[in-house]
1. Looking at (1) part of a helix (DSSP H, G or I); (2) closer than 17 Å to B:PRO156 by Cβ, find the lone condition where B:ALA55 falls short.
2. Would you mind telling me which numbered condition in (1) in contact (Cβ under 8 Å) with a residue 40 or more places away in the chain; (2) surrounded by 14 or more Cβ atoms within 10 Å (Cβ to Cβ); (3) closer than 18 Å to A:VAL155 by Cα A:ALA116 fails?
3. crowded, with 17+ Cβ neighbours inside 10 Å and away from chain A (no Cβ under 14 Å): does that describe B:ILE345?
4. For the condition touching a helix residue (DSSP H, G or I) at 6+ places or on another chain (Cβ under 6 Å), crowded, with 20+ Cβ neighbours inside 10 Å and modelled with pLDDT of 95 or more, what is the one hit in A:LEU319, A:LEU312, A:LEU338, A:LEU334?
5. Identify all residues within the stretch B:267-285 that are facing another protein chain (nearest Cβ under 7 Å) and either on the phi > 0 side of the Ramachandran plot or among the hydroxyl-bearing types (Ser, Thr, Tyr) (or both); write none if there are none.
6. Can you tell me how many residues in the stretch A:271-293 are out of contact with any Leu (no Cβ under 8 Å at 6 or more places or on another chain) and either crowded, with 24+ Cβ neighbours inside 10 Å or farther than 19 Å from A:ALA397 by Cβ (or both)?
7. Within the stretch A:286-322, which residues are in contact (Cβ under 8 Å) with a residue 24 or more places away in the chain, touching a strand residue (DSSP E or B) at 6+ places or on another chain (Cβ under 8 Å) and either away from chain B (no Cβ under 11 Å) or in a helix (DSSP H, G or I) (or both)?
8. In the stretch B:2-51, what residues are in a loop (DSSP other than H, G, I, E, B) and either hydroxyl-bearing (Ser, Thr, Tyr) or at positive phi (or both)?
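The values are calculated or read from the model by the stated rules, or taken from the named source; none is laboratory data. Every value quoted in this text rests on a predicted model; they were computed, and no experiment measured them. When we count neighbours, we look across all protein chains shown, and the Cβ atoms used for this are built from the backbone with ideal geometry, even at glycine.
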There are 2 protein chains.
Amino acid sequence: MNPNDIHLLLTGDELMSGDTVDSNSSMIAQSLAAFGHGVAEKVTLGDDRARLVAALQRAAGTARILIMNGGLGPTQDDLTAELVAAAASVELVLHPEADKHVRDWCAARSIEPNDANLKQAWLPEGAAIIHNPRGSAVGFAMDVSGTLILTTPGVPGELRAMLPEVCERIVAAIGGGESHRVRLQTFGIGESTAQARIDEDSEHWPVDVVLGFRAGMPQLEIKLTAGSASPEVDQCRQTLERLIGDHIIGEDDVTLAGALQQVLREQGKKMVTAESCTGGLIAAMMTAEPGSSAVFEAGFVTYANSIKHSVLGVDNTTLETEGAVSESVVRQMLSGALERSGADIGVAVSGIAGPDGGTEEKPVGTVWLAWGTTDEMHALKTVLPTDRAMFQKLVAAAGLDLIRRQLLGLPKLPHYFSRRAI
Amino acid sequence: MNPNDIHLLLTGDELMSGDTVDSNSSMIAQSLAAFGHGVAEKVTLGDDRARLVAALQRAAGTARILIMNGGLGPTQDDLTAELVAAAASVELVLHPEADKHVRDWCAARSIEPNDANLKQAWLPEGAAIIHNPRGSAVGFAMDVSGTLILTTPGVPGELRAMLPEVCERIVAAIGGGESHRVRLQTFGIGESTAQARIDEDSEHWPVDVVLGFRAGMPQLEIKLTAGSASPEVDQCRQTLERLIGDHIIGEDDVTLAGALQQVLREQGKKMVTAESCTGGLIAAMMTAEPGSSAVFEAGFVTYANSIKHSVLGVDNTTLETEGAVSESVVRQMLSGALERSGADIGVAVSGIAGPDGGTEEKPVGTVWLAWGTTDEMHALKTVLPTDRAMFQKLVAAAGLDLIRRQLLGLPKLPHYFSRRAI
């Protein structure tokens, strides 16, 4: 037995049929990573007694820790407690603490506990419960042949609420210190460029700090992890600030829209959008963030040319001679939007999202952006040859980032666009 | 050996670290389902030689089919070909067809094949290639101890393109008829209500047809599956049309926006949006669909009250006396949007998305919708007590569905809203 081997056994027919994409194991792995642990093997099975028994037999005595996920519910398909009891050669018994949990849970909902509810209080004899603050089914911990089995429910919200206790029990069993991790959200720089800049500067990079990337289009997350709370992580963070600082929009789960909202709030400013090819996506991204009403004034989705003229005052002659996808038109769209809304700053976009509508001169993926204020307005043309959904996402994200850069006095363009601007 | 057992072995460190959520196995399961097959066991491992060897040994001779996913790339971490060769006790040899594929792939990109590229042409002796129309790494098929091993790449787009050939090889080995499956997209009716209506009508439901649901907020997918092409599936579809027909928006992957675009096209009409609490999401959903410029005229995101007045002409006195979330305001927003855009039909929404901004009279989740034409305009108030993101999604979806219903002359409200309208 490898003394630190953690295995994962996921159960549920919905995981086998393809109807559910498993995100629980990713959640579990990320929780373990905070303590320096990882999942070594993962097995996924339907609600199938014979296969589950075989998998339990294989893991018990091999893995040091076995996290089971799913199969704790009230129905006959939920086999976890019964099978762990069989593997440990003990009986299922009514667990007083679990019984109280189920009854309290039902009482809080003014329902009478039925047999299905109460089934969840029958656990293998000798099991310790893992508390479930969100649902009726508790998890439990049980030693089988030297393997610590930890059972958790398949409902993601319940699992998330129970993972701290699961990790506590794992650390108690096999150790593991809370590692120091910083997650930075960036936009407009690719993994390879970021990596190359770090490599060129490697004398400032302590060997104890692990660098990781996670591409979450359109943002790129950069993770810095060290074994323990360490000044080295802060040193690396400072190095990153120096190398790619203007691309860092914030920490943890901050979005481009969230970061921009904060800057607008700090500066007491309001913004406006005038969108053609993104069709409202920039406005929707801004207003998806709570609190956006303090900084978001208005959005104009001027899809048709006639609307660009009638609503934003774009000149009809310009539309005819230069076309809707042109510098003059996006500048006039932005001017019109700023004037009509009274907002301080804004962005306007017009492009060809595809799949149709491209020409030789303006292929699918061509886009003009204008951003800024009445006094300081910029414009940029670029070509993003990708599918419609990704094109719209990238253009919208760029629009938000360009405003953020101008408000903060950062370099005008991110690496990605300074390389591609035409 | 179970003669129909299909196992899945997924490899890749990114699947263990939690950085990547595995959607490939769902894609594989859905492809197999079309032939009446399912995945019996699924094992996921990192790029770890010893564990992969053990898993291969366990599967070979046990499973009838083993689909391997991942580990076909050009780097040293990519172990699949080497390990399958070892399991089959054969050498890796340069496969002429794979070699040609790699060289053609490089030539099409005007690059000189390097050692890493060419590594992908070395396959176990006796393997048959599985063509990869999207990438440089071919898959291969190989019999090991009576188990047919099929290897596929981890890149989802490449896997998708190769699954038809994978399924062909499986059907050639173990049979399986193409099953008859209809997928219907619905909106505005819950799984339990749909199921209850079907149960009440069960005499019209042939036992051979399996009914399945997949909740894909805000849409609900209903799947009808029968063993073979059968009139019974059509009969069930007709039953569903009778029971919940106005909630069915279309087949396969159609979205609410896509369905509405089609209706607008057929009737030669154009639409407009006036959004407050959804902040542009309705417009963004419409314009995410290719071809939307033919039917989508304009969108107004009038977040601030002053903009509702200045841009859409909402009366200031009404805003003061009745508040922004009121029937009069959404009706005036829609009238203003229809007039300013010249569109035929539209929707306007104003509500409290939260988490802040609620009052006792108008709690978070309160929303007024107005929809229709200048001559036939309707309004509805409802309360959707959920989080901000889900509130915005539901309101936007409802807005699109209400227009669809009016254009098609269907019952004014879906079940979900007729139950909750206030």
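1. (2)
2. Unmet for A:ALA116, out of (1) in contact (Cβ under 8 Å) with a residue 40 or more places away in the chain; (2) surrounded by 14 or more Cβ atoms within 10 Å (Cβ to Cβ); (3) closer than 18 Å to A:VAL155 by Cα: (2).
3. When the stated conditions are applied, B:ILE345 passes them.
4. Just one listed residue meets the conditions, A:LEU312.
5. B:GLY279, B:GLY280
6. Of the residues in the stretch A:271-293, 10 are out of contact with any Leu (no Cβ under 8 Å at 6 or more places or on another chain) and either crowded, with 24+ Cβ neighbours inside 10 Å or farther than 19 Å from A:ALA397 by Cβ (or both).
7. A:MET286, A:LYS308, A:VAL311, A:LEU312
8. Hits for the stretch B:2-51 are B:GLY12, B:GLY18, B:THR20, B:SER23, B:GLY36.
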